[in-house]
Amino acid sequence: MTTVKKRLYNLEFRHAKTANTKKRILDAARRLFEVEGFDLVTIKKISVETNVPESTIYLLFLSKRGILQ
């Protein structure tokens, strides 16, 4: 019988990585909003600027307005 080893899950690492990703998104969004204005900035532009998938940005903030808040 083969024993399957469970992968250890480092929750602290995940929280730190998520916080870092949120900060990158917020910093990039702030820069883009200042330069281009809120109405002209898209989630796609923020995604390209941060190299974070659009789906992740929506997951973390729900919308562009969510980023602003």
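The numbers here are math on the coordinates, done by the rules we state, and not lab data. Since this is a predicted model, take the numbers as computed values, not measurements. Cβ atoms come from the backbone with ideal geometry, glycine included; neighbour counts cover every protein chain shown.
Give me the residue from region 46-55 that is part of a helix (DSSP H, G or I) and surrounded by 15 or more Cβ atoms within 10 Å (Cβ to Cβ) and, out of that set, farthest from the chain's Cα centre (by Cα).
Going residue by residue through region 46-55, those that are part of a helix (DSSP H, G or I) are 46-50, 54-55.
Of the ones still in play, those that are also surrounded by 15 or more Cβ atoms within 10 Å (Cβ to Cβ) are 46-47, 49-50.
Working: I46: 9, S47: 8, E49: 11, T50: 8 Å.
Restricting to residues being part of a helix (DSSP H, G or I) and surrounded by 15 or more Cβ atoms within 10 Å (Cβ to Cβ), the top hit is E49.
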**Item:** Scope region 2-45; condition farther than 16 Å from L62 by Cα and in a loop (DSSP other than H, G, I, E, B); matching residues
**Value:** T2, T3, V4, K5, K6, R7, L8, Y9, N10, G37
**Request:** Quickly run through region 32-45 and pick out the residues that are within 15 Å of the chain's Cα centre (by Cα) and of a type outside the set (A, V, I, L, M).
**Result:** T42, K44, K45
